[in-house]
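Colleague: Got a structure for you, questions after.
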Amino acid sequence: VAADVQEGSEEDFGKWYDEEHIPLFSKMPEWVRTTRWVYKEGGASGTDDSLKPKDGRPQKFLAIHEWTDLNVKETEAFKAAIATKWSKKTLSGATSMDIREFRLLRTWKRDGGKYSLADTCWRTLLSFLLESLNRTEMGKL
């Protein structure tokens, strides 16, 4: 999930991840881990300007959620985790959000320089919010 949030709401956005969002995900057996990133520098290339990020940069925040099973988004626990009052408030404050879903293709490891396919099919789930939350309640999404 790549996102920008309204000015002045970054602290609450991080607090929501730390105190509610990830603790709820971590209770689900399908959850492997989540990593959060903040944009540092870079740009976009290509000939189709419509595909380039707004203002020439991607969203400021990126969260990668890894799951053992993408069907987790159909569970009651997952739906409840993204439908809390705090989730709705926080996500409605997003000024942009890019949500995608990926399947792990390969992992390269430092030892020996060889790549290997993952033993378990870890998948990164990035399309959960738009499918699961009411867009009207989300406001700007």
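The values are calculated or read from the model by the stated rules, or taken from the named source; none is laboratory data. A quick note: this is a predicted structure, and the numbers were derived from the prediction, not measured. For neighbour counting, all protein chains shown are included, and Cβ atoms are generated from backbone atoms with ideal geometry for every residue, glycine included. Each accessible area value is taken on the protein alone, full model and side chains, heavy atoms only, with ligands, DNA and RNA left out. Shrake-Rupley method; radii C 1.70, N 1.55, O 1.52, S 1.80 Å.
Colleague: Would you be able to say whether some residue in region 50-68 is at pLDDT 80 or above and over 13 Å from the mean Cα position of the chain (by Cα)?
Modeller: Yes, some residue in region 50-68 is at pLDDT 80 or above and over 13 Å from the mean Cα position of the chain (by Cα).
Colleague: Tell me whether region 76-95 contains one or more residues that are part of a loop (DSSP other than H, G, I, E, B), open to solvent by less than 60 Å² (accessible area, probe 1.4 Å), modelled with pLDDT of 95 or more and of a type outside the set (A, V, I, L, M, F, W, C).
Modeller: yes
Colleague: Restricted to region 10-32, and to residues that are part of a loop (DSSP other than H, G, I, E, B) and in contact with a helix residue (DSSP H, G or I) (Cβ under 8 Å, 6 or more places away or on another chain), which residue is farthest from residue 87 (Cα to Cα)?
Modeller: So the residue we want is 30.
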